[in-house]
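Beneath this line is the structure, given in structure tokens, with notes to follow.
The values are calculated or read from the model by the stated rules, or taken from the named source; none is laboratory data. Just so we're clear, the structure is a prediction, and the values are computed from it rather than from any experiment. Neighbour counts are summed over all protein chains in view; Cβ atoms, including those assigned to glycine, are modelled from backbone coordinates with ideal geometry. In case anyone asks, the SASA skips ligands and DNA or RNA and just uses the protein heavy atoms, side chains included. Shrake-Rupley method; radii C 1.70, N 1.55, O 1.52, S 1.80 Å.
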Amino acid sequence: MSEPKKLFVKTYGCQMNVYDSERMAEALGAKGYVPTDRADDADMILLNTCHIREKAAEKVYSELGRFKPLREANPDLKIGVAGCVAQAEGAEIMRRQPMVDLVVGPQTYHRLPEMMERVEAGEAALDTDFPEEDKFAHLPKARKAPRGPTAFLTVQEGCDKFCAFCVVPYTRGAEVSRPVERLLREAQDLVARGVREITLLGQNVNAYHGEGPNGREWGLARLIWELAEVDGLDRIRFTTSHPNDMDDDLIAAHGTCEKLMPYLHLPVQAGSDRILKAMNRKHTADDYIRLIERIRAARPDLLLSGDFIVGFPGEGEADFQATLDLVETVGYGQAYSFKYSARPGTPAAERDPVPTEGADQRLQRLQELLSRQQRAAQDAMVGREVSVLFEKPGRLAGQTVGKSEYLHAVHVTGPETLRGQIAKVRIVASEANSLAGELI
Ligand code: SF4
């Protein structure tokens with residue numbers, strides 16, 4: 001009996017790429033590939049790439065360069081590139097790096113088994129279509145054993161918003177929502193394998209509009225209520241959302257659905273109406289602030305997370321000040337902030353960028369404010385009781401770590417048997433990036 005072939009997958013970027021890497025490993029599992037976490041031990045190396053930041057494509061080429069010695073040592077080693085850079089660059093990857101055997105986009109990775117047959121027959125395989133067929137219908141139904149009590153579940157893909165700085169509509173295509181029944185089955189399968197918390201994923205997840213069992217269109221709130229009926233599924237989260245798709249049902253669900261966690265990632269990107277317009281975000285700063293007020297009225301203890309871009313073309317000091325003012329007004333428990341980077345093919349890429357030095361200074365000022373707020377939100381947990389889903393051992397002996405309902409990392413002194421369990425914890429201290437607690 002021949003040795004199973006080994007697959008090394010390296011994942012960049014968002015949670016959806018993490019989910020896709022798991023599904024690609026399962027698809028190749030059907031071809032006899034078993035995972036390895038060492039590139040020098042692999043028969044196949046697959047890079048699952050991200051195209052969001054500047055020089056994303058260049059990073060892929062330099063990473064591929066690092067695998068050249070492995071290929072020279074083992075001429076049978078197969079190398080593939082997947083994800084958003086594969087979708088954006090396509091055949092250019094094989095032209096620039098001839099040792100690449102396979103290039104597959106995010107919408108066609110269900111075809112990996114037959115692509116591998118061509119590669120094993122000595123051909124190159126390239127597929128960056130936006131196919132009619134639903135890839136999920138062609139992926140292995142039974143998912144591999146999850147690694148811990150939390151899992152991602154893609155419910156929606158693509159985006160129709162066309163924000164002026166974003167490549168997603170071009171690399172992931174139009175919004176597609178998966179049917180409710182398939183999602184229920186996948187969720188039940190994950191729970192049967194030990195998962196207690198599922199994060200619903202989509203580039204624009206709150207625009208979910210999947211076909212329900214009754215043939216009607218279901219929104220995200222209705223899907224969440226249905227998933228909340230799944231025995232053994234104790235926690236539900238979702239990401240990433242657009243302010244314009246936070247409908248009344250979803251806001252109400254934050255107030256009344258116990259299994260929906262009090263954490264919301266709701267990017268705003270900027271605080272200036274002039275820049276929000278230039279970004280094509282289709283809402284004003286005031287719209288966003290009033291929306292947050294409505295969400296907090298439904299769930300006062302909700303922890304809010306946001307995304308910000310500084311240095312967007314045309315951003316002046318007054319525009320940037322408006323972003324700082326919005327952050328002061330709203331208050332964030334978690335946030336991600338970046339300097340604008342021009343993405344090929346996006347409308348904003350043609351516009352004059354803000355000088356780097358100015359953008360760097362603004363990013364620093366914004367991050368100082370955001371980390372002050374983040375620390376204050378974490379410190380405010382001291383003395384409170386939270387529910388923690390324990391996931392893995394901590395850094396210190398006898399320590400176990402998990403996440404609270406607010407997605408804060410919490411560690412306690414407790415037995416290994418805690419892993420996979422949800423337990424009540426009193427927070428006793430706030431540390432650099434986590435909370436210390438004691439089991440109640
Ligand atoms: S809503 Fe998000 S994914 Fe869609 S275009 Fe805008 S930034 Fe990109």
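What the table shows:
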quantity: Neighbourhood net charge (11 Å Cβ-Cβ; Lys/Arg +1, Asp/Glu -1) for residue 214; calculated: -1
quantity: Set of the range 212-235 residues, backbone N closer than 19 Å to the point 7 Å along the Cα-Cβ line of residue 256; calculated: 218-230
quantity: Around residue 265: net Lys/Arg minus Asp/Glu count, Cβ-Cβ under 10 Å; calculated: 0
quantity: Per residue accessible area in Å² of the range 5-127, where ligands, DNA and RNA are left out and the probe is 1.4 Å; calculated: 41
quantity: FRET efficiency, 1/(1 + (r/R0)^6) with R0 45 Å, evaluated for residue 118 and residue 18 via beta carbons; calculated: 0.95
quantity: Gained length - residue 351 relative to residue 160, 0.36 nm times residue gap less alpha-carbon distance; calculated: 66.6 nm
quantity: Stokes-Einstein D in µm²/s, Kirkwood radius over Cα pairs - the chain at 10 °C with 1.306 mPa s viscosity; calculated: 68
quantity: Cα gyration tensor, the range 5-127 - rounded (a/c under 1.5), prolate or oblate; calculated: rounded
quantity: Count of lysine pairs in the range 1-65 with Cα separation under 18 Å (8 or more residues apart, or interchain); calculated: 4
quantity: GNM flexibility winner over the chain from 366, 396, 126 (Cα, springs under 10 Å); calculated: 396
quantity: Accessible surface of the range 1-146 [probe 1.4 Å, protein heavy atoms]: carbon and sulfur percent; calculated: 51
quantity: Cysteines without a disulfide-compatible neighbour (Cβ-Cβ under 4.7 Å), the chain; calculated: 14, 50, 84, 159, 257
quantity: Straight-distance crosslink candidates among lysines, where the alpha carbon sits under 20 Å from residue 424 and sequence neighbours closer than 8 are dropped; calculated: 259, 392, 403
quantity: The range 278-350 shape via C-alpha gyration tensor axes, a/c threshold 1.5; calculated: prolate
quantity: The range 385-439, accessible surface, carbon-and-sulfur percent (1.4 angstrom probe); calculated: 50
quantity: Virtual spin-label span in nm between residue 73 and residue 438, 7 Å along Cα→Cβ; calculated: 5.2
quantity: GNM top mover of 206, 214, 244 - the chain, alpha-carbon springs below 10 Å; calculated: 214
quantity: Listed residues 268, 330, 195, most fluctuating in the chain (Gaussian network, C-alpha, under 10 Å); calculated: 330
quantity: The chain, relative contact order [Cα under 8 Å, separation at least 6], %; calculated: 10
quantity: Rounded accessible area per residue of the range 385-439, 1.4 Å, Å²; calculated: 50
quantity: For residue 391, residues with placed amide H under 5 Å, excluding near neighbours; calculated: 401, 402, 403, 420
quantity: Nonlocal amide H pairs with residue 337, under 5 Å, H built at 1.01 Å; calculated: 308
quantity: Charge tally in the Cβ shell below 13 Å around residue 170, where Lys, Arg are +1 and Asp, Glu are -1, residue 170 excluded; calculated: +1
quantity: Fully extended contour minus Cα-Cα distance, from residue 413 to residue 3, at 0.36 nm per residue; calculated: 143.4 nm
quantity: Cleavage-rule hits, trypsin sites (Lys or Arg not before Pro), the range 386-432, DSSP coil, Cβ neighbours within 10 Å at most 12; calculated: 395
